[in-house]
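Participant: Let me give you the structure first, and then I'll get to my questions.
What follows draws every value from the coordinates through simple rules; no lab data is involved. Values in this document were obtained by computation on a predicted structure and should not be read as measured data. Every residue, glycine as well, gets a Cβ built from its backbone with ideal geometry; the counts of neighbours run over all protein chains shown.
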């Protein structure tokens, strides 16, 4: 079974998630952009790297992959269409994988990139989601390769997961995302309380993650494009009438890009 899930900080604001086996010293890491910090974590905790999960092809998620593969020869699971060197097991949305006796479903979530995957399990005490750069705490990823429609469909998939699902995304963007969310949704009291709580965590140098699907549904503007008050706020900023949730999302993403 899965034991502790630990963040390995990398670069300026990345988290490489270490998924530890409860019964042994085996560990899986998610999106190892930096091999050196992973090696340090393995040595410090006397762990054996057996598996790597890859959500997408950006260098800050796969930059350390080949070094770790050469040193530890782990199973490497990721998207087939990405051209990532080092993957040993290609997966798509129809697949599931076994990790430390837990079954993970593979979810295709294009938008940030075309090859983006998420990994979700209900085999743990609370459901767990590793979603890379698609769903962030109070935000979502930029549209580098996909379209707004792709991203909204991907976010809809994640939003439909059990509300107690713990959300492990790959960046510590929470405070910046919350500042934007408050500008868009200023009357959202839950959002205001969340901002205070997350600021306290960062003052103590604690990660704001994991989040949860329930919390994101209440405070993440990109999951709230159906909300009339939020829509009116986006219309005011865009200077035009918005005809659909997709239209609202598109303008909201453009607003965030320039925020």
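Participant: Just grab the label-to-label distance for residue 96 and residue 227, each label 7 Å out from Cα along the Cβ direction, in nm (one decimal).
Facilitator: In this crude spin-label approximation the distance works out to 3.4 nm.
Participant: Ok, one more. Note the angle between two axes, namely the Cα long axis of helix 174-184 and the longest principal axis of the Cα atoms of the chain, as a number of degrees from 0 to 90, rounded to the nearest 10.
Facilitator: 20 degrees
Participant: To continue, here is another question. Can you give me the C-alpha center-to-center distance between segment 184-254 and segment 79-124, rounded to a whole angstrom?
Facilitator: One Cα centre to the other: 27 Å.
Participant: Could I have the simple spin-label model distance between residue 4 and residue 36, label points 7 Å from Cα toward Cβ, reported in nm to one decimal?
Facilitator: 2.4 nm
Participant: Can you give the angle from 0 to 90° between the axis of helix 35-45 and the longest principal axis of the chain, with both taken from C-alpha atoms, to the nearest 10?
Facilitator: 60 degrees
Participant: To continue, here is another question. Over segment 112-259, how many percent of alpha carbon pairs lie in each 5 Å bin up to the one with the longest distance?
Facilitator: Values per bin, smallest distances first: 2, 10, 20, 22, 22, 14, 7, 2, 0, 0.
Participant: If packing is taken as the mean number of other Cβ atoms within 10 Å per residue, what is the order of 161-168, 67-74, highest first?
Facilitator: On the way: 161-168: 18.4, 67-74: 16.4.
Ranked by mean Cβ neighbours within 10 Å, highest first: 161-168, 67-74.
Participant: Give the calculated FRET efficiency between residue 24 and residue 71 to the nearest 0.05, with a Förster radius of 30 Å applied to their Cβ-Cβ distance. Please list the in-between numbers first.
Facilitator: Values: r = 19 Å, r/R0 = 0.64.
After rounding to 0.05, the efficiency reads 0.95.
Participant: To the nearest 0.05, what FRET efficiency results for residue 163 and residue 203 with a Förster distance of 41 Å applied to their C-beta separation? Mind dumping the intermediate values first?
Facilitator: On the way: r = 28 Å, r/R0 = 0.68.
Approximately 0.90, to the nearest 0.05.
Participant: Output the 0 to 90 degree angle, nearest 10, between the alpha-carbon long axis of helix 148-159 and the longest principal axis computed from the alpha carbons of the chain.
Facilitator: Result, in degrees: 70.
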